[in-house]
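**Q** If you scroll down you'll find the structure; I have some questions about it.
The values are calculated or read from the model by the stated rules, or taken from the named source; none is laboratory data. Not measured: the values here are computed from a predicted model. Please note: Cβ atoms are built from the backbone with ideal geometry, for glycine as well, and neighbour counts cover all protein chains shown.
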Amino acid sequence: MFLLISEKVFTFVFYGIYMSKGSGSLHLPVLVELDEDGVFIVSCPTFKGCHSYGKTIDEAMNNLKEVVEMCMEEESTISFNRFVGFREMEFFTKVA
């Protein structure tokens, strides 16, 4: 899906982080954006302020995994934000 803002295209994709926690595993949603400079911006909405970036999607995801691990040390799994879903809004802009 694409969102056109100021004649620049941003892509939004969902990935997931799969982490083993104790005897089970934890699946977390990840939002991936591609900025105007071609840098991948990744966010995990389960945690407040959980973002990272990278020149490649793999680099960004590896960086985010480190941030998620730090967030998990700070918060118990009981207090996680509950990810409900992703919705898209359409906005019309004037073309000059």
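**Q** Given (1) in a helix (DSSP H, G or I); (2) modelled with pLDDT under 65; (3) touching a Cys at 6+ places or on another chain (Cβ under 9 Å), identify the lone condition not met by LEU64.
**A** Result: LEU64 fails condition (2) only.
**Q** Listed residues PHE83, PHE12; which is modelled with pLDDT under 80 and part of a strand (DSSP E or B)?
**A** PHE12
**Q** Every residue in segment 42-63 that is closer than 20 Å to GLY85 by Cβ and aliphatic (A, V, I, L, M), please.
**A** Listed by number, the list holds a single entry, VAL42.
**Q** If you go through segment 43-83 one residue at a time, how many are more than 13 Å from the chain's Cα centre (by Cα), hydroxyl-bearing (Ser, Thr, Tyr) and buried (at least 17 other Cβ atoms within 10 Å of the Cβ)?
**A** Total meeting the criteria: 0.
**Q** Moving on. Kindly establish whether PHE40 is modelled with pLDDT of 90 or more and either over 27 Å from MET89 (Cα atoms) or crowded, with 16+ Cβ neighbours inside 10 Å (or both).
**A** Yes: the conditions hold for PHE40.
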